[in-house]
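Working notes for the structure below.
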Amino acid sequence: MEGETSTTVMMDSSSKPYNNSKFALPVDSENKATEFRLFSAAKPHMRAFHLSWISFFSCFVSTFAAPPLIPIIRDNLNLTASDIGNAGIASVSGAVFARVAMGTACDLFGPRLASASLILLTAPAVYFTAMADSATSFLLVRFFTGFSLSTFVSTQFWMSSMFSAPVVGGANGVAAGWGNLGGGATQLIMPLVFSLIRDLGAVKFTAWRIAFFIPALFQMMTAFAIFFFGQDTPDGNFHSLKKSGEKPKDKFSSVLFFGVTNYRGWILALTYGYCFGVELTIDNIIAEYFFDRFNLNLHTAGMIAASFGLANIVARPAGGIISDAMSRRFGMRGRLWALWSMQTLGGVLCVILGQLSSLGSSVVVMILFSFFVQAACGLTFGVVPFVSRRSLGVISGMTGGGGNVGAVLTQLIFFKGSKYSKETGITLMGVMILCCTLPITLIYFPQWGGMFCGPSSSKNNDKVSTEEDYYLSEWSLSEKEKGFHQASVKFAENSRSERGGKLDSVTRPHELPSSSPLV
């Protein structure tokens with residue numbers, strides 16, 4: 001990023017910026033921004049970006065506020081290793097179905113209302129953590145707090161609604177990466193807040209309880225900011241657009257159907273379970289791992305653990321930017337190859353991490369591992385926006401929910417109780433990453449191809465399949481006659497950049513740039 005830290009891309013004839021003076025950023029035919037200016041707060045595109053990542057950051061801080069204080073909390077509540085493991089699993093299991101529901105809510109009601117409502121509904125659970133007095137109550141507050149992680153889906157949906165195809169990977173990567181940064185920041189914030197409260201005179205078993213009021217208040221403030229200052233799309237909020245007739249009211253059954261029947265969404269859900277799911281697992285176990293394995297004090301273990309989550313400031317955004325760069329050169333096939341390569345390297349480093357016995361080498365490999373696994377998260381959501389136009393929220397929710405499923409299964413199998421040592425669990429987790437990354441090779445888009453083959457012929461067998469063939473297949477003939485498919489037509493036109501600059505002239509030498517079939 002240069003100048004004013006913007007990601008500016010060259011657009012092909014099908015993705016040419018449109019002149020629209022009501023927006024501060026250049027936009028395409030859908031009024032999605034074709035540039036990403038990191039330090040701008042221009043309404044509505046960049047304002048949505050900053051509101052989304054800050055609110056998601058607050059939810060991560062709340063959800064993972066407990067792990068850095070576990071050595072204190074376990075003594076106060078007499079928690080066993082099994083109790084701690086169950087609570088960690090509960091913190092990420094609640095969002096499994098909530099993320100799918102959030103995706104559907106975004107499709108039907110818009111990301112603004114969906115995210116603000118969920119953040120407000122889960123904030124009380126953070127406050128109630130201060131009242132936990134048993135293993136059961138501690139597990140319950142972590143379970144309900146974890147629902148807030150579903151705002152990840154609204155964050156990705158929002159960015160995909162605001163930014164055009166050539167920069168959407170970077171926008172998704174930075175928003176999610178900076179939000180995930182909360183998982184690392186809380187490893188520093190909570191011990192510091194705890195120490196400050198204790199220094200002011202509170203005993204340690206009271207200080208940790210008071211500390212939870214800080215993330216709870218922060219979370220509530222971000223919800224109100226989204227509600228009052230956010231906007232669903234470049235053209236306005238869902239409610240007003242539907243009221244004016246500019247946005248048709250879609251059917252829940254159709255939105256859900258085209259999401260769950262698209263096999264690409266299920267594969268991305270599986271693979272995301274072993275990049276983001278691994279990240280959630282590490283957030284839950286890493287501070288305790290270094291505290292116990294290397295006999296460190298609470299503050300030092302927290303600082304080391306924080307470095308894993310703090311890598312999100314560059315790692316996940318880098319994944320999104322790499323995805324966009326590969327797309328400009330090689331199209332969707334480049335995005336898929338980059339995702340498979342990055343996640344596979346993350347799995348190898350995870351295996352190595354579990355084999356190390358020295359503090360220094362463990363920290364170095366952990367940081368390298370964090371970069372690759374978090375970059376893979378960004379690369380995943382460089383692909384997700386193109387799986388479905390009509391059911392974008394459902395696909396985002398399925399993929400995001402897959403991340404939580406991966407975290408739940410990994411913690412249940414490898415980190416619950418004392419069946420495996422944590423170092424053995426980390427090694428086996430790396431093996432799982434390697435295995436669950438392989439299905440990426442099966443993802444195939446007829447208009448762009450897959451990792452090992454190019455695009456296919458259309459039904460007429462006289463030309464290569466087009467973006468219109470793919471995205472308009474989600475609409476029935478009667479829906480097209482009513483004009484409900486027009487947004488998909490524009491999206492298909494703007495997504496032609498996924499053909500890749502290197503290969504487009506070869507795969508479609510005969511196709512006219514202006515072709516936009518409506519049926």
Inter-residue pairs, beta-carbon under 8 Å, first closer than 14 Å to L438 by Cβ and in the range 262-274, second surrounded by fewer than 20 Cβ atoms within 10 Å (Cβ to Cβ), 6+ apart: I267/P439; I267/L442; L270/P439; T271/P439; G273/L409
Kindly establish whether F386 is of a type in the set (F, W, Y), open to solvent by 30 Å² or more (accessible area, probe 1.4 Å) and in contact with a helix residue (DSSP H, G or I) (Cβ under 7 Å, 6 or more places away or on another chain). no
Search the range 149-190 for residues being open to solvent by 10 Å² or more (accessible area, probe 1.4 Å) and closer than 23 Å to D75 by Cα, and hand back the single one that is modelled with the highest pLDDT. I189
Among the residues of the range 225-233, is there at least one that is assigned to a loop (DSSP other than H, G, I, E, B), open to solvent by 30 Å² or more (accessible area, probe 1.4 Å) and without any contact (Cβ under 8 Å) to a residue 60 or more places away in the chain? no
With the condition kept exactly as written, say whether any residue in the range 104-122 is within 30 Å of K204 (Cα to Cα), in contact (Cβ under 8 Å) with a residue 60 or more places away in the chain and surrounded by fewer than 24 Cβ atoms within 10 Å (Cβ to Cβ). yes
If you take the residues of the range 237-265 that are crowded, with 17+ Cβ neighbours inside 10 Å and either of a type in the set (F, W, Y) or not in a helix (DSSP H, G or I) (or both), which of them is modelled with the highest pLDDT? N262
Neighbours by Cβ (under 8 Å, 6+ apart or cross-chain): first from the range 39-56, over 13 Å from S154 (Cβ atoms); second open to solvent by 60 Å² or more (accessible area, probe 1.4 Å) and basic (K, R): A41/R47
From the residues in the range 389-438 that are aliphatic (A, V, I, L, M) and in contact with a Pro (Cβ under 9 Å, 6 or more places away or on another chain), which one is surrounded by the fewest Cβ atoms within 10 Å (Cβ to Cβ)? L392
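The values are calculated or read from the model by the stated rules, or taken from the named source; none is laboratory data. Note that this is a predicted model, so its numbers are computed, not measured. For neighbour counting, all protein chains shown are included, and Cβ atoms are generated from backbone atoms with ideal geometry for every residue, glycine included. Only protein heavy atoms, including side chains, enter the accessible area calculation; ligands, DNA and RNA are left aside. Shrake-Rupley method; radii C 1.70, N 1.55, O 1.52, S 1.80 Å.
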